[in-house]
Structures are given as C-alpha cells and as structure tokens.
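Colleague: Dumping the structure here so I can ask a few things about it.
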Amino acid sequence: MIRAALVLLLGATPAAAQEADVTCAALWLGYADFARVSAYLDIGDADRQAARHRAMAIRAGLSPKDADRQIDAQRGGMFLLVRATVEDDDPLSRQLFERQMQLCAG
C-alpha cells in the first residue's frame, strides 16, 4: 500500500516505480552506512530492505547496472540526510527523512 502511494506521488508509470524503488534502496543503504559509524542507530534489516527495493526496481524493468548506478548516485546524499537528522537534529532533514521512511517502509 505504501509503495502504491509512492508510485502515485511519482506517477503511475514503470519508470516512476523504478525511481521510487531506487530512492528507497539508496535511503536504506545510506541509513545502513550511517548506522555502521554511529552509536545512535542499529543497522537492523536496512541491508535487506535495500536489496528488496533494488530487486523491485529491476523487476520493474531497470537493468541491474543502471539500478546500481542510480542507487550509488543517491546513497551519499541519503547518508547525509540521516546524519543531519540524527546528529544535527535538523528539523527539515527530520521531516524529509521521516516522510521518506514512511514511503519506503515494509
């Protein structure tokens, strides 16, 4: 249901579904990257969630190479978003992070 809402927000095309899943994979990987260097977060199932969203982007028609390239392009920014949320307690970052996590959960 949440994935469907994300697709609706981005547009109901296969490309929109690919983009949503790429963004979610990058978010989960950025979260995991930050959790590895932070005393505040636990990685939990972040790597599994990232792999699941990557696989969904590929099933929606994106090649594995393109999926990895697009995920890598966003991963660093997602790391910074998580860091700004946790360490800097930045209100705008927190809003963006929480909204994105709702879209990418489960």
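Colleague: Amide H neighbours of LEU41 under 5 Å, counting only residues 5+ apart in sequence or on other chains, H built in-plane at 1.01 Å?
Modeller: none
Colleague: Still on this structure, I have one more. Run the numbers on the chain and let me know its relative contact order in percent, using alpha-carbon pairs under 8 Å that are six or more apart.
Modeller: 35
Colleague: Can you classify the chain as rounded, prolate or oblate using the Cα gyration tensor, where a ≥ b ≥ c are the square roots of its eigenvalues, rounded means a/c under 1.5, and otherwise it's prolate if a/b beats b/c and oblate if not?
Modeller: Numbers: a/c = 2.05, a/b = 1.52, b/c = 1.35.
Prolate.
Colleague: Right, another one. Between ASP72, ASP33, ASP42, which gets the highest mean-square fluctuation from a Gaussian network model of the chain, Cα cutoff 10 Å?
Modeller: Per the Cα network of the chain with a 10 Å cutoff, ASP42 tops the list.
Colleague: Which of ILE58, LEU103, ALA73 sits closest to the plus end of the dipole of the chain, meaning its Cα is farthest towards the positive end, when Lys and Arg get +1 and Asp and Glu get -1 on the C-beta?
Modeller: Selected residue: ILE58.
Colleague: While we're looking at this one, here's another question. Could you work out how much longer the chain between ALA16 and GLN95 gets when fully extended? Use 0.36 nm per residue separation minus the Cα distance between them, nm to one decimal.
Modeller: 26.2 nm
Colleague: Further, regarding this structure: Once label points are set 7 Å from the Cα along Cα→Cβ at both ASP72 and ARG36, what is their separation, rounded to one decimal in nm?
Modeller: Distance between label points: 1.4 nm.
Colleague: Taking a ≥ b ≥ c as the square roots of the eigenvalues of the Cα gyration tensor of segment 57-106, is the shape rounded (a/c under 1.5), prolate (a/b larger than b/c) or oblate?
Modeller: In terms of gyration-tensor shape, oblate.
Colleague: If you don't mind, there's one more thing I want to ask. GNM, the chain, Cα, under 10 Å: largest mean-square fluctuation among ALA25, ALA17, ALA39?
Modeller: The residue with the greatest mean-square fluctuation here is ALA39.
Colleague: Quickly estimate the mean residue ellipticity at 222 nm for the chain, helices only: each DSSP H run with n ≥ 4 gives -39500 (n - 2.57), and the total goes over all residues, rounded to 500. Write out the running numbers ahead of the final one.
Modeller: On the way: 5 runs with 84 residues, N = 106.
Computed ellipticity for the chain at 222 nm equals -26500 deg cm²/dmol.
Quick note: the coordinates plus some simple rules give every number you see, no bench work behind them. On a predicted model such as this, the values are computed, not experimentally measured, just so you know. With ideal geometry, Cβ positions are generated from the backbone for all residues, glycine too; neighbour counts draw on all protein chains shown.
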